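Below: the structure, in structure tokens.
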Amino acid sequence: MFAELGARMPYRAASRVLKICGFGDMRASHMAIRRHTVAIGRELEAQRLDAADGQAVQVPETAKSLVVGIDDTYVKHREHLVARQFQVTAGRIERNGKLGARFVFVSSNPGWTDSSFDGFLLQQGMKRNTVMRVVTDGDDGLRNFVQRSSPRPMESQLDWFHIGMRLELLRKAVVIPVTYQEYLEDPHAFDPAQRRISRLRDALWRGRSWQALLQFAWLRGDIDRWAAEHPGRCAQSVQRAKQVIKEFRYYVCGNRRSLPDFAKQRAAGHRISTAHVESVMNHLVNHRLSKKQQMRWSPEGAHYLLQVRAELLNGTLTDAYRVANPRFRGPSGFAAQSVH
């Protein structure tokens, strides 16, 4: 009960809830709740390490396919002199075409090892014949991290969600602000650039990186011609448009091998976006650690708290607790309700 309340709300708020509910005589201070939450978080990670070592109590059914959607965010560090922020990595598994368990870790935690993530994948049914695929925003670090945990080469795929955001940013950047009189004289001055971006979007959607690179070059030429026809006008906006085109082009060049034919992937029923991972990041990490509670955390405390919260959201916290405590009876009322 302490761990579930600590995973749902700030420790002091959980202490007040227990006292209001009539548990005032119990040692329900916020530090006691934190100790119990961290202790169960350590036990959950120990179970994953046992799975990585082949000592798991429960052996899952082999998964035919696993799709790993992964992303990262940053949380304020408790020690100002050490670092301002530390990285939190989270995501969700798609098992045999259905959304599965969430995962989260803080790699800067002193007790963290790659074996913990290996154990998590093994708990999801990863075997040597399992088809593995990772969907990221193009971060090589995240892609390589998942690849190290896979027993076989893994297919890498770029995320359409982040491509769409970059396209929208580019669409706004190429519209150079002009005076109202100039707009009345030529209201469709930037329509060719917008059509160019539509062709760029189609090329990326079809996985044709070479066509996308051509569209970038022609779009840059359109911006240069406009700047030559209007010398000295909107210099900052022109520079901003060139910078957005340059960064987007580098992004596509660096991820050409991970750029699939999104149309075919979607028609086959495969996941093409990490929007579900963004939702996981919001509910799992931001809701508890940053957005609604402006607190500072140690990497260790945040890591073990998030292990409990991930199991709580997965609806498996009670089962995992029962593995370590076989005499524990009955599901908790909190664990029966998953957080959305």
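The values are calculated or read from the model by the stated rules, or taken from the named source; none is laboratory data. As the structure is a computational prediction, the values presented were derived from the model and not from experiment. Methodologically, a virtual Cβ is constructed for each residue, glycine included, from the backbone with ideal geometry; neighbour enumeration extends over all protein chains shown. All accessible areas refer to the heavy atoms of the entire protein, side chains included, with ligands and DNA or RNA removed. Shrake-Rupley method; radii C 1.70, N 1.55, O 1.52, S 1.80 Å.
A few comments on the model shown:
- Any hit, the range 247-255, residues being surrounded by 15 or more Cβ atoms within 10 Å (Cβ to Cβ), modelled with pLDDT of 85 or more, over 18 Å from VAL106 (Cα atoms) and touching a strand residue (DSSP E or B) at 6+ places or on another chain (Cβ under 6 Å): yes
- Annotation for the range 181-202: no member residue is polar (S, T, N, Q), without any contact (Cβ under 8 Å) to a residue 40 or more places away in the chain, assigned to a helix (DSSP H, G or I) and surrounded by 15 or more Cβ atoms within 10 Å (Cβ to Cβ).
- For the range 41-91, taking the residues that are basic (Lys, Arg) and under 22 Å from ARG309 (Cβ atoms), the one that is surrounded by the most Cβ atoms within 10 Å (Cβ to Cβ) is identified as ARG48.
- For the range 282-310, filtered to residues that are charged (D, E, K, R) and closer than 13 Å to GLY6 by Cα, the residue that is surrounded by the fewest Cβ atoms within 10 Å (Cβ to Cβ) is ARG288.
- Among the residues listed as ALA268, ALA212, the single one being among the aliphatic types (A, V, I, L, M) and closer than 24 Å to GLY91 by Cβ: ALA268
- Meets criteria (open to solvent by less than 80 Å² (accessible area, probe 1.4 Å), basic (Lys, Arg) and not in a helix (DSSP H, G or I)) for ARG143: no
- Some residue of the range 44-66 being touching a residue at least 12 places away in the same chain (Cβ under 8 Å), of a type in the set (A, V, I, L, M, F, W, C) and touching a His at 6+ places or on another chain (Cβ under 9 Å): no
- The condition (being out of contact with any strand residue (DSSP E or B) (no Cβ under 7 Å at 6 or more places or on another chain) and among the hydroxyl-bearing types (Ser, Thr, Tyr)) is satisfied by just one residue among TYR11, TYR74: TYR11.
- Count - residues of the range 289-309 that are in contact with a Gly (Cβ under 9 Å, 6 or more places away or on another chain) and either polar (S, T, N, Q) or at pLDDT below 90 (or both): 1
- Residue check, GLU4 among the acidic types (Asp, Glu) and surrounded by fewer than 16 Cβ atoms within 10 Å (Cβ to Cβ): no
- For ASP114, the test of being without any contact (Cβ under 8 Å) to a residue 40 or more places away in the chain, farther than 30 Å from ARG78 by Cβ and open to solvent by 20 Å² or more (accessible area, probe 1.4 Å) is failed.
- Restricting MET165, MET154 to those that are under 28 Å from LEU213 (Cβ atoms) and at pLDDT below 90 reduces the list to MET154.
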